[in-house]
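Student: Handing you a structure now.
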């Protein structure tokens with residue numbers, strides 16, 4: 001069995017145990033649902049923050065690459081025009 005499957009199984013077991021623990025806890029259902037919702041929103045904010053940083057970084061790299069390719073293409077087009085002019089002479 002690969003270590004990836006073991007880790008995935010472990011995470012699934014932990015998640016199932018946490019959910020079961022919350023659902024069978026002696027607290028009122030409405031309180032437990034609010035608690036689950038709050039935790040979910042907290043995780044959502046953390047993931048959003050992490051992904052937004054990654055997306056921002058990827059966008060910056062993409063913009064730089066786009067700029068570099070554009071500059072390269074313009075230089076080569078200029079060279080091509082020079083060669084055309086030399087061939088015409």
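The values are calculated or read from the model by the stated rules, or taken from the named source; none is laboratory data. Because the structure is a prediction, the values reported are computed rather than measured. Glycine also receives a Cβ, built like all others from the backbone with ideal geometry; neighbour counts cover every protein chain displayed.
Student: Which residue out of 29, 17, 13 is surrounded by fewer than 10 Cβ atoms within 10 Å (Cβ to Cβ) and free of Cβ contacts under 8 Å to residues at least 40 places away in the same chain? Write out each step before concluding.
Tutor: Values: 17 fails: surrounded by fewer than 10 Cβ atoms within 10 Å (Cβ to Cβ); 13 fails: surrounded by fewer than 10 Cβ atoms within 10 Å (Cβ to Cβ).
Exactly one of 29, 17, 13 is surrounded by fewer than 10 Cβ atoms within 10 Å (Cβ to Cβ) and free of Cβ contacts under 8 Å to residues at least 40 places away in the same chain, namely 29.
Student: Which one of these is over 28 Å from the mean Cα position of the chain (by Cα) and in a helix (DSSP H, G or I): 20, 25?
Tutor: Values: 25 fails: in a helix (DSSP H, G or I).
The match here is 20.
Student: Got a number for residues in the stretch 25-54 being out of contact with any helix residue (DSSP H, G or I) (no Cβ under 8 Å at 6 or more places or on another chain) and modelled with pLDDT under 80? Explain how you work it out, then say what you get.
Tutor: Start the filter on the stretch 25-54 by keeping residues that are out of contact with any helix residue (DSSP H, G or I) (no Cβ under 8 Å at 6 or more places or on another chain), which leaves 26, 28-31, 33-34, 37-54.
Add one more test, that the residue is modelled with pLDDT under 80, and what stays is 26, 28-29.
The qualifying residues number 3.
Student: Which condition breaks for residue 86 when tested against (1) assigned to a helix (DSSP H, G or I); (2) surrounded by 10 or more Cβ atoms within 10 Å (Cβ to Cβ)?
Tutor: (2)
Student: Would you check if residue 67 is surrounded by fewer than 10 Cβ atoms within 10 Å (Cβ to Cβ), assigned to a helix (DSSP H, G or I) and out of contact with any helix residue (DSSP H, G or I) (no Cβ under 9 Å at 6 or more places or on another chain)?
Tutor: On the way: surrounded by fewer than 10 Cβ atoms within 10 Å (Cβ to Cβ): no; assigned to a helix (DSSP H, G or I): yes; out of contact with any helix residue (DSSP H, G or I) (no Cβ under 9 Å at 6 or more places or on another chain): yes.
No: the conditions fail for residue 67.
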